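The values are calculated or read from the model by the stated rules, or taken from the named source; none is laboratory data. Since this is a predicted model, take the numbers as computed values, not measurements. For neighbour counting, all protein chains shown are included, and Cβ atoms are generated from backbone atoms with ideal geometry for every residue, glycine included. Each accessible area value is taken on the protein alone, full model and side chains, heavy atoms only, with ligands, DNA and RNA left out. Shrake-Rupley method; radii C 1.70, N 1.55, O 1.52, S 1.80 Å.
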Amino acid sequence: IELTELRLHEVLDYLTRPPSVSKDPAAYAVTIVGDSMAPRFEPGERAYVSPRAAAAIGDDVIVQLRAGDGEDG
């Protein structure tokens, strides 16, 4: 399992949103690091995330783990 630390309050770049997330103000993009999501996402590719979207069978998902002390990790 590959693990990447996300700093959700740190803006690295601004991108044009694709139509699939254009109306979600909480949507964000991540740059894929490593090959754990290949072949669907290759290293360096950007994936758009809509945390409010419901997940369904067959969807690609990114799981966020939080620190055990109640703070965002």
*Run the numbers on the chain and let me know its relative contact order in percent, using alpha-carbon pairs under 8 Å that are six or more apart.*
26 percent
_Accessible surface, the chain, averaged per residue in Å² (probe 1.4 Å)_ = 86 Å²
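Of the listed peptides 52-65, 19-32, what is their order by residue-averaged count of other C-beta atoms within 10 Å, with the highest listed first? Walk me through the numbers on the way to the answer.
Numbers: 52-65: 8.3, 19-32: 13.1.
Sorting 52-65, 19-32 by mean packing, highest first, produces 19-32, 52-65.
Compute the FRET efficiency between R40 and H9 as 1/(1 + (r/R0)^6), taking r as their Cβ-Cβ distance and R0 = 30 Å, and round to the nearest 0.05.
My answer for the efficiency is 0.65.
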*asked:* I'd like the carbon and sulfur percentage of the solvent accessible area for the chain, probe radius 1.4 Å, heavy atoms only, ligands and nucleic acids excluded.
replied: 54 percent
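Just to confirm the filter: which GluC sites (Glu not before Pro) across region 3-61 are DSSP coil and have at most 10 other Cβ within 10 angstrom of their Cβ? Mind showing how you got there, number by number?
Values: sites: E5, E10, E45; in loops: E5, E10, E45.
Sites meeting the loop and neighbour criteria: E5, E10.
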